[in-house]
Amino acid sequence: MGLFVTFEGIEGSGKSTLLKKVARTLRQKNLDPLETREPGGTPLGAALRNILLDPEMTGMEGLAELMLFGADRAQHVGQVIRPALLSGRIVLCDRFSETTIAYQGYGRGVPRETVDAVDQAARGEVRPDMIVLLDLPAEAGLARAKRRNLQTNDRSEARLDEEELSFHRRVREGYLLSAGRDPGRFLLLDAQKGPSDLHDAVIEEIFARFAHAF
């Protein structure tokens with residue numbers, strides 16, 4: 001069985017950039033990580049991503065949003081993640097189950113038992129070995145995200161960026177509560193630290209926790 005590491009955090013936390021840096025280092029060590037993301041890790045997921053992150057999709061019900069993310073995850077696990085893990089690969093995934101708990105559970109207020117049921121049905125037995133959580137205040141994350149959108153002149157995936165600050169504060173709280181309940185799997189990092197420091201912390205932790213896998 002391979003190694004499954006997920007990268008989590010609020011909007012603007014830098015998780016996508018960190019994942020790519022970690023993947024590059026693993027390749028330099030003659031390893032072969034698979035980089036993937038949610039939503040969008042499959043052709044079906046890419047179509048769902050266009051819907052889920054489109055700022056024109058206003059008024060989406062929390063339960064409908066949860067079901068769409070669940071469909072993306074079910075396809076992603078079945079088509080990409082599970083086969084890669086069974087072949088012994090390292091899988092680095094930008095968002096997974098903890099995103100669903102934080103955003104649809106704490107952010108949207110969908111009952112936790114409903115969130116857990118959809119997530120469990122979608123992922124089956126697949127569970128991250130390590131969860132890298134980049135934490136920072138919601139105000140700082142939103143400022144980063146909006147600055148990025150301005151710099152790229154691209155709002156095509158800005159639906160969640162444009163939620164109220166209170167929503168993002170609830171999401172952050174949800175992440176931190178999850179990390180507190182499962183400290184053995186989470187690596188909690190201050191996202192306001194420099195990119196090199198964050199990269200080094202993740203690489204060090206991967207090799208310390210999973211030396212047997214290399």
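Taken together, the values in this text are just the output of simple stated rules run on the coordinates, not laboratory data. A quick note: this is a predicted structure, and the numbers were derived from the prediction, not measured. Please note: Cβ atoms are built from the backbone with ideal geometry, for glycine as well, and neighbour counts cover all protein chains shown.
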Worksheet item: Once the Cα atoms of the stretch 49-121 are picked out, what are the Rg and Dmax in Å?
Response: 13.3, 42
Worksheet, complete the sentence: Taking every other residue with Cβ under 10 Å from the Cβ of S13 and scoring Lys and Arg +1, Asp and Glu -1, one gets 0
Worksheet item: What ³J(HN,Hα) values, in whole Hz, does the Karplus curve 6.51 cos²θ - 1.76 cosθ + 1.60 give for the stretch 29-37 when θ = phi - 60°, with x put for Gly and Pro?
Response: 9, 6, 9, 10, x, 9, 9, 8, 8
Worksheet, complete the sentence: Out of P128, I90, V171 - ranked by how far each Cα lies towards the positive end of the dipole of the stretch 3-213, with unit charges on the beta-carbon of charged residues - the top one is I90
Worksheet entry | Stretchable slack from R127 to S16, in nm (0.36 nm times residue separation minus alpha-carbon distance) | 38.0 nm
Worksheet item: Using only Cα atoms, what is the ratio of the radius of gyration of the stretch 3-213 to 2.2 N^0.38 Å?
Response: 0.97
Worksheet entry | In Hz, Karplus ³J(HN,Hα) per residue of the stretch 186-191 (6.51, -1.76, 1.60; θ = phi - 60°; x = Gly, Pro) | 7, 10, 8, 10, 7, 5
Discussion item. Apply the a/c threshold of 1.5 to the C-alpha gyration tensor of the stretch 1-127 and tell me whether it is rounded, prolate or oblate.
Written reply: prolate
Discussion item. Rounded to whole Å, give me the distance from the Cα center of the stretch 101-130 to that of the stretch 198-212.
Written reply: 26
Worksheet item: Add -39500 (n - 2.57) for each DSSP H run of 4 or more in the chain, then divide by its residues: what number comes out at 222 nm, to the nearest 500 deg cm²/dmol?
Response: -15500 deg cm²/dmol
Worksheet item: If you bin every alpha carbon distance in the stretch 91-130 into 10 Å steps from zero, what whole percent lands in each bin?
Response: 29, 54, 17
Response to the item:
At q = 0.13, 0.22, 0.25 1/Å the base-10 log of I(q)/I(0) from the Debye formula over the alpha-carbon atoms of the stretch 118-178 is -0.50, -0.97, -1.04
Fill in: Partners for K21 among lysines (Cα-Cα distance below 20 Å; same-chain residues under 8 apart left out)
K29, K193
Discussion item. Just to check I understand the Karplus step: with θ = phi - 60° and J = 6.51 cos²θ - 1.76 cosθ + 1.60, what whole-Hz values come out for the stretch 134-146, glycine and proline as x?
Written reply: 8, 10, 7, x, 4, 4, 5, x, 5, 4, 4, 4, 5
Worksheet entry | the stretch 16-65 - Kirkwood radius from inverse mean 1/r over Cα pairs (Å) | 13.0
